[in-house]
Amino acid sequence: MISFLIRAAIFLGSAAVGLLVASLILSGFSAPTSGFIVAVVIFAIAQSVLAPFIATVAKRHAPAFLGGIGLVSTFVALLVASLFSNLSISGVSTWILGTVVVWLVTAVATLVLPLLFVRKKVQEKKAQ
């Protein structure tokens, strides 16, 4: 149960970082402070539900697309989040760049955040 909560926190954290970075570097990508947490939660839930579903569909019907599952599920999760939160993405190029930026940043954050968490725990143990 604890490991599930840690993984969920890391996933939510990586989603928050991804959406924040995209909103900072892309002018047509807006995640207002008032609805940022809602957008992060909706995006993270949509991403975690859609990724396995899209992977299964692609494996069955379009195996050549398996490599792009992360990008496709990120795009669909952004679409869902923009429909049900204050997340606003305008313009085709912003949708494309936003998908790539959020996908890349969340992928890196998902790798880095656990390392930071483990490092902090190791330092706490050494201090005791």
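Observations on the model:
- Residue in the stretch 53-67 that is out of contact with any strand residue (DSSP E or B) (no Cβ under 9 Å at 6 or more places or on another chain) and outside any helix (DSSP H, G or I) present: yes
- Among the residues making up the stretch 22-34, those that are in a helix (DSSP H, G or I) and closer than 14 Å to Leu78 by Cα are Ala22, Ser23.
- Restricting the stretch 85-128 to residues that are of a type in the set (A, V, I, L, M, F, W, C) and farther than 22 Å from Leu24 by Cβ, the residue that is surrounded by the most Cβ atoms within 10 Å (Cβ to Cβ): Phe117
- Of everything in the stretch 68-84 that is buried (at least 21 other Cβ atoms within 10 Å of the Cβ) and not hydrophobic (A, V, I, L, M, F, W, C), the residue that is farthest from Ser23 (Cα to Cα) is Ser73.
- Every pair of residues 6+ apart whose Cβ atoms lie under 7 Å, when the first sits in the stretch 113-128 and is closer than 13 Å to Ile6 by Cβ while the second is at pLDDT 75 or above and part of a helix (DSSP H, G or I): Leu113/Ile10; Leu113/Gly13; Leu113/Ser14; Pro114/Ile10
- Residue under evaluation Val105, criteria (1) at pLDDT 95 or above; (2) over 22 Å from Thr33 (Cβ atoms), criterion not met: (2)
- Check on Ser48, of a type in the set (Gly, Ala, Ser), within 16 Å of the chain's Cα centre (by Cα), part of a helix (DSSP H, G or I) and buried (at least 19 other Cβ atoms within 10 Å of the Cβ): no
- Conditions (1) at pLDDT 90 or above; (2) farther than 15 Å from Gly18 by Cα: number failed by Ala64: (1)
- Residue match in the stretch 17-32 (condition: among the aromatic types (Phe, Trp, Tyr) and under 21 Å from Leu113 (Cβ atoms)): no
- All positions within the stretch 1-40 that are exposed (fewer than 12 other Cβ atoms within 10 Å of the Cβ), within 19 Å of Asn86 (Cα to Cα) and free of Cβ contacts under 8 Å to residues at least 24 places away in the same chain: Leu24, Thr33
- Residues of the stretch 11-55 classified as among the β-branched types (Val, Ile, Thr) and modelled with pLDDT under 90, total: 3
- Residue identified as touching a helix residue (DSSP H, G or I) at 6+ places or on another chain (Cβ under 8 Å), aromatic (Phe, Trp, Tyr) and closer than 17 Å to Ala107 by Cα among Phe65, Phe75, Phe29: Phe75
The values are calculated or read from the model by the stated rules, or taken from the named source; none is laboratory data. Just so you know, these numbers come straight off a predicted model, no measurement behind them. With ideal geometry, Cβ positions are generated from the backbone for all residues, glycine too; neighbour counts draw on all protein chains shown.
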